[in-house]
Amino acid sequence: MKYHFIHDELPYTGKELNNHWIYRNFGILGDAVVAFAGPCEVDLDSMVDLEDVLNNDYIYSKKMLNFIVEIFGITLQEGVLLQRLFSSIIQDRINAMSEDAKIKRRGDDLFYQDTAKLSVSICTLSPTSILIHTGLNIDAQGAPVEASGLASELGMDDHIEALAMACMRTLAEEWADIRMSCCKVRAVV
């Protein structure tokens, strides 16, 4: 799995969760994860989570650290498992980088002080791949739910790129190790 941090500020609207978006925009072909920061606003027409659509929920963050993951050749269920693994990786990295963080994970969601939502995340399938979006509030001001931010509550505004790179590198290493583990075993009958 390749990974890349995009230094240009980019908005996240939900339209980025699209097959080959990483390849078309950044020339990275195959299994990949990219990260970028920018404002986030996803309206109901671009929502992938049907529960959120039925509840008339929307996603907004003044500034968010966004990760887009695209993986080929796996099922949606395997994608959801990878999404949860990635949420755990992010939780571990934030807790290691910020002594006061104590981030908790419930499913694919991350929370600061048990109730303030730090993240949004969704996994879906395209005709060719599995797609994951995970977003971490940097500045949660104006969010439609009780929310926290990497800068506002955790004081990590100078460490956003370092956090993103550490999380992507760990995910890539885990993915390579998972693939290797699948190759090194013999079948039993």
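The values are calculated or read from the model by the stated rules, or taken from the named source; none is laboratory data. Note that the structure is a prediction, hence the values are computed from the model and not measured. Cβ sites come from the backbone with ideal geometry, for glycine too, and all protein chains shown count toward neighbours.
For the reader, a short list of remarks on this structure follows.
- Positions within region 115-131 being touching a Ser or Thr at 6+ places or on another chain (Cβ under 7 Å) and touching a residue at least 40 places away in the same chain (Cβ under 8 Å), in sequence order: 131
- Unique match (being modelled with pLDDT of 95 or more and crowded, with 21+ Cβ neighbours inside 10 Å) among 125, 136: 136
- Residue check for residue 95: buried (at least 20 other Cβ atoms within 10 Å of the Cβ) and on the phi < 0 side of the Ramachandran plot: no
- The condition of being touching a residue at least 12 places away in the same chain (Cβ under 8 Å), small (Gly, Ala, Ser) and touching a Cys at 6+ places or on another chain (Cβ under 8 Å) holds for only one of 135, 155, that being 135.
- Residue count, region 124-151 (criterion: touching a Lys or Arg at 6+ places or on another chain (Cβ under 9 Å), of a type in the set (Gly, Ala, Ser) and over 17 Å from residue 13 (Cβ atoms)): 5
- Residue 161 over 18 Å from the mean Cα position of the chain (by Cα) and either under 22 Å from residue 11 (Cβ atoms) or surrounded by 15 or more Cβ atoms within 10 Å (Cβ to Cβ) (or both): no
- Per the listing 72, 36, the residue uniquely surrounded by 15 or more Cβ atoms within 10 Å (Cβ to Cβ) and either over 23 Å from residue 159 (Cβ atoms) or aromatic (Phe, Trp, Tyr) (or both) is 36.
Here's the yes/no breakdown for (1) in contact with a Phe, Trp or Tyr (Cβ under 6 Å, 6 or more places away or on another chain); (2) aliphatic (A, V, I, L, M); (3) closer than 30 Å to residue 75 by Cα; (4) not in a loop (DSSP other than H, G, I, E, B):
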residue	(1), (2), (3), (4)
111	no, no, yes, yes
121	no, no, yes, yes
136	no, yes, yes, yes
141	no, no, no, no
149	no, no, no, no
158	no, no, no, yes
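- Any hit, region 44-63, residues being touching a residue at least 12 places away in the same chain (Cβ under 8 Å), crowded, with 16+ Cβ neighbours inside 10 Å, in contact with a strand residue (DSSP E or B) (Cβ under 8 Å, 6 or more places away or on another chain) and within 19 Å of residue 170 (Cβ to Cβ): no
- Here the condition is being part of a loop (DSSP other than H, G, I, E, B), crowded, with 18+ Cβ neighbours inside 10 Å and either in contact with a His (Cβ under 9 Å, 6 or more places away or on another chain) or small (Gly, Ala, Ser) (or both); of 29, 17, it holds for 17 alone.
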